[in-house]
Structures are given as C-alpha cells and as structure tokens.
1. Go through segment 69-114 and give me each residue that's under 16 Å from the mean Cα position of the chain (by Cα) and either at positive phi or of a type in the set (Ser, Thr, Tyr) (or both).
2. Residue check: is Ile331 in contact with a Phe, Trp or Tyr (Cβ under 9 Å, 6 or more places away or on another chain) and at pLDDT 90 or above?
3. Which of the following residues is of a type in the set (Asp, Glu) and free of Cβ contacts under 8 Å to residues at least 40 places away in the same chain: Asp32, Asp66, Asp21?
4. Return the residues of segment 104-125 that are part of a helix (DSSP H, G or I), modelled with pLDDT of 90 or more and closer than 19 Å to Leu36 by Cβ; say none if nothing qualifies.
5. (1) part of a strand (DSSP E or B); (2) in contact with a strand residue (DSSP E or B) (Cβ under 6 Å, 6 or more places away or on another chain): which one isn't true of Val336, the others all being true?
6. Sort through Tyr110, Tyr117 and tell me the only one that's in contact with a strand residue (DSSP E or B) (Cβ under 6 Å, 6 or more places away or on another chain), more than 30 Å from Ser222 (Cα to Cα) and in the same structural domain as Ile168 (by TED's automatic domain parsing).
7. Checking the structure you have, find out if any residue of segment 341-355 is crowded, with 16+ Cβ neighbours inside 10 Å, assigned to a strand (DSSP E or B) and at pLDDT below 90.
8. What is the number of the single condition among (1) under 30 Å from Ala76 (Cα atoms); (2) surrounded by fewer than 13 Cβ atoms within 10 Å (Cβ to Cβ); (3) at pLDDT below 80 that Lys179 does not meet?
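The values are calculated or read from the model by the stated rules, or taken from the named source; none is laboratory data. These numbers come from a predicted model, not from an experiment. For neighbour counting, all protein chains shown are included, and Cβ atoms are generated from backbone atoms with ideal geometry for every residue, glycine included.
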Amino acid sequence: MELFREILNINKKYNLIENDDIIVVGFSGGPDSVFLVEMLKKLQHFFNFKIYLVHINHLLRGEDADSDENFSFEYAKKNNLEIFIKRIPVKEIAKEIGKTLEEVGREERYKFFSEIYEKVGATKIATAHNKDDQIETFLFRLIRGTSLQGLEGIKIKNNNVIRPISEIYKKDILKYLNKNEIQYKIDKTNFENEFTRNSIRLDLIPFIEERYNAKFKDKIFSLIEEIRENNQNNSLNLSDYVNSENKIILEKMKFLSNFDKKNLLSLFLNQKNIEINRNKIDEINSLIKSNGTKKIDLDKTYRVVKDYTHLYIEEKRRDFTINNSTIQLKIPSKQVFNNFKISVEIAKNLDIPKEKNQYLLDAIYNDIIEVRYRKEGDKIFLNEKHSKKIKEIFIDQKIPKDIRDRLPIFLYNDTIFWIYNVKKSYIPKINKNESKLIKVLITVEEVKWTIISLKMKS
C-alpha cells in the first residue's frame, strides 16, 4: 500500500493521468512493465481511463523471446486487457537495409507504437522506467559528456509520454511483485555486462556502494532533483522562440546571451530526446552564424537544419528522391501527391482565399489541373507582359534549398499558376469560351509524419 501511495503522489505532483485518458503501455513481461500495469490497474479506482498493452518480439532471443510473448499474451488475457503483439525480424531487416540491430529495433518499435497509438485514439504513452534507470542514465550521460539538461535523467513527463514508476527503486518493485506472488519474466541479457548501461548497473554502482557510499544511489537521485529544479528556474520559455511549426526564429534568438542561447538549444533538442553535450551545442551555434542553408547530423535519426530565418530538426528518414511524375486532377476531384492531400472542388464562396494553402482558379468543369515538382527553366507570370524564373523567386523569398524541390507546382493549360505556399501568379486569358468558366477552389493539406519519440523500457 505504501508503494501505491507513492505512485498516487507522483501522479498528483506531475499530473500524469487524468480522467478519460487512453494509455498505450509498453509491455515486455519484465518486472518493471508488470509492476507498472499493476499500479495502473489500481489507479483506475481513482481515475476513469483505459489501458492498452503493446508487446514486440524482435525475434533475437529464440525461445526466451517466444516465452516472453506467450507470457505477455496470457497476462493480458488474465487481466482482461487488450494487447497488441508484433513479431519483427530485426536481424533480417538490419542485414537487408544495412543498419544496426539497435537502429532497426528502435525504428520498427516507434512505427508500431505510432500505429497502435493512432488505432486506439490514445492520449498518452506509459513506459516502465524506474528510479534505477534514472540513476544509470545520469551516470551514462555524465561519462559520455552532456549538458545540465542531459543530467536531469529521464523526464517523468515529456509531452504525451509518462513514466509513473520512475521514482520507485527496482528492489522495491521486485519486493512488491514477489510478496504478492505476481509473476514476471526476466531478460537474461540484463545480466550481461558487455553493454555500457549493464556495466554501470552491474559493476560501477555496486563498486561505489561497497567501497565509498552505501547510499550512493540516493545521493545521485537527490542531485538529479536539484539539477531539475535549477534548470527549471533558469530555463527560458521555448514557446517564446518557436513558431507554429516548432522552428526556432533566429531573429528572436540573436539578442540572447551565450548562456541563454545554449540553454535554449538544449531545451529544443530535449524535445526529441537527443543526447546533448557541449560540443554539439557549440557546433549548432557555429551553424547559426553561417550564411545560407546548412545542416548537421545530430544522431542516427535526426539532423538540425538552419535556413535563412529558422533553425529546426528534421528526421533523416524524410529524405526522398525527387519524383518527376505529374499527377492530373480532374475538376472536381481529390488526390494525394506524396505528402500532400489535394482537393479540387467547385467554390461555394467566391471571395479570394486568405489562407496560404488555398487557391481560387477560373477554370472549366472536367478540365485537368496538373501537379508536379519544379523543373529547370520553370517560369511564372508576374503580370501580362512579365515573367520570372521560379529559381529566382525561391532565392528572393529565401526559400531553403532542401524545401524547394518538395513544393508542389500547379499548372492549368500548361501554365504555372501557383507555387504552393510561395507564390500565386498572374494567369493569362485562356482561349476558351469564358461563359463556361467556373470558380474552382484548390486546397492543399500537408500530411504530417506521426513519430512518437520515446525510449522503450522492458
């Protein structure tokens, strides 16, 4: 009961779970994830929320992995919980695409979590990080080099990701499960010290506790809390410096002191759980001072991009080869063009749209509108007599180079009339019966990538 009161206090302190929440839980069958679900079940007596379990079998540990999968299924069945299970041949995928097991495992994990998150209409994700994980992460980052933000450990609440048991020690979790005869599975690889984190847990911490301070972990966690409090007191409000697309506005940033600039960049990178160190922050600072559009890799998943006016993070997986194909949209119709949903419909309101993602075109019913990416030599009309190369328009408006080839170009009667989100052009008169012309409203909706940034916990 004492442990559960701690969970209740943590939940109240950080406002982790609320009424009507739908929570997706990463469930391995290990003691931490079992304990997490047991605590969530108790919390359901205080709050009205739903739980869905997600289990992933990476097919790396043979019979042990299959046994964990079976256990997870039976546990969910016994507790009347819905569980989503997926088998992912990580080794085969890694070999095929030339990535490490860790990279593929993380990517496939995120993908499946995103799928289930959307499927059940979830509001939050719960992971089973405990207090020992906090301390090990602190030491791991300290050894590797990090910023003050990095030394905060694992955030208890990070956007839609919550960690309700992150202030509970592993020994107390095991004691509770064993005392109440609640079954769980053990991943044998947790006892192999070939990995840095395992070595910290199995070698470094026990050595310091035995030789120097038996309460070493308590002291470290107190330090983590102090760093969190200090960072909070000294933190800038990130929302004051970013736009609606979560891009840092460089103009606002340039008046900050060097200390505040570094603080702001740390906060910005923390959103993606990117490991931060002084060298990385200094490198980004140098990037900001450079001219034109530049980018640098942050890790294997993300890169930071600096254009004329903004700094932002993009996922490497979003890179793509330019598609030279053209799609044709009949008036009226709807179609998807790569990351864009395009709707062509008869206008009900004849006012010129004020929205950047809309265009009001005079056209003929059943005619064709073409959509493609830019080509060399493309021009648009500025007026009846003058035209301008699209390349020059991009330069004039300081459109980042990596974005220029991703913007849809719209044509009617082989004439470019719209560079999406950049320029609406003058349209020369067409040699058709003008009495047949109707007002056509074109709407473009960008399809956003759904990536859930979390670090899974067994």
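1. Listed by number, the residues that qualify are Tyr110, Ser114.
2. On the way: in contact with a Phe, Trp or Tyr (Cβ under 9 Å, 6 or more places away or on another chain): yes; at pLDDT 90 or above: yes.
Yes; evaluated as a whole, the condition is true for this residue.
3. Details: Asp32 fails: free of Cβ contacts under 8 Å to residues at least 40 places away in the same chain; Asp21 fails: free of Cβ contacts under 8 Å to residues at least 40 places away in the same chain.
Asp66 is the lone residue from the list that is of a type in the set (Asp, Glu) and free of Cβ contacts under 8 Å to residues at least 40 places away in the same chain.
4. Once the filter is applied, which keeps residues that are part of a helix (DSSP H, G or I), modelled with pLDDT of 90 or more and closer than 19 Å to Leu36 by Cβ, segment 104-125 yields Ile116, Tyr117, Val120.
5. Only one criterion is unmet by Val336, namely (2).
6. Values: Tyr110 fails: in contact with a strand residue (DSSP E or B) (Cβ under 6 Å, 6 or more places away or on another chain).
The conditions single out Tyr117.
7. No - not one qualifying residue is present in segment 341-355.
8. Of everything listed in (1) under 30 Å from Ala76 (Cα atoms); (2) surrounded by fewer than 13 Cβ atoms within 10 Å (Cβ to Cβ); (3) at pLDDT below 80, Lys179 misses just condition (3).
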